[in-house]
1. Helix 8-19 sits at what angle to the longest principal axis of the chain, using alpha carbons and giving 0 to 90 degrees rounded to 10?
2. Just want to confirm a number: the relative contact order over region 40-90, from Cα pairs under 8 angstrom separated by 6+ residues, in percent.
3. Using the Cα gyration tensor of region 1-44, with a ≥ b ≥ c the square roots of its eigenvalues, what is the shape: rounded (a/c below 1.5), prolate (a/b larger than b/c) or oblate (neither)?
4. Mind sorting out which of (i) 38, 29, 25; (ii) 72, 40, 15; (iii) 58, 37, 25 is the real Cα extents along the principal axes in Å computed from the coordinates?
5. Taking the chain as the reference, fit the longest principal axis to its C-alpha atoms, fit the long axis of helix 23-42 to the helix C-alpha atoms, and give the angle between the two in degrees, 0 to 90, nearest 10.
6. Subtract the Cα-Cα distance of residue 63 and residue 13 from 0.36 nm times their separation in residues, and report this length gain in nm to one decimal.
7. Can you tell me the 0 to 90 degree angle between the C-alpha axis of helix 88-97 and the longest principal axis of the chain, rounded to 10?
8. Determine the relative contact order of the chain: mean sequence separation of Cα pairs under 8 Å and six or more apart, normalised by residue count, in whole percent.
């Protein structure tokens with residue numbers, strides 16, 4: 001399995017090659033899209049990207065956890081967590097990609 005990481009620069013380069021915008025316009029477009037996704041998540045909105053998946057924010061309540069080393073019980077504070085649920089199309093592409 002490949003260890004390459006897809007970066008913002010890689011996304012901007014792909015937009016540059018495929019759409020034909022200038023490199024700076026492509027980078028700006030990628031930044032704008034990512035910023036809008038971030039702001040929607042901060043507002044607690046669900047982000048659905050067709051054929052890709054759904055990002056959502058979930059509120060987790062306070063609970064008691066346990067330190068596995070000492071066995072001591074510690075409270076885990078309430079928090080918001082980001083969740084991602086891939087679409088069936090993305091799941092299929094990932095599974096089929098392993099067979100190539």
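Every read-out reported here was derived from the displayed coordinates using simple, explicitly stated rules and does not represent laboratory data. Please read all numbers here as calculations on a predicted model, not as lab measurements.
1. The helix 8-19 is inclined about 30 degrees to the chain.
2. Result for region 40-90 is 39 percent.
3. Oblate, because a/c is 1.5 or more while a/b does not exceed b/c.
4. (iii)
5. It is inclined by approximately 30 degrees.
6. 13.6 nm
7. Helix 88-97 sits at roughly 80 degrees to that axis.
8. Details: 106 pairs, mean separation 18.6, N = 100.
Reported relative contact order: 19 percent.
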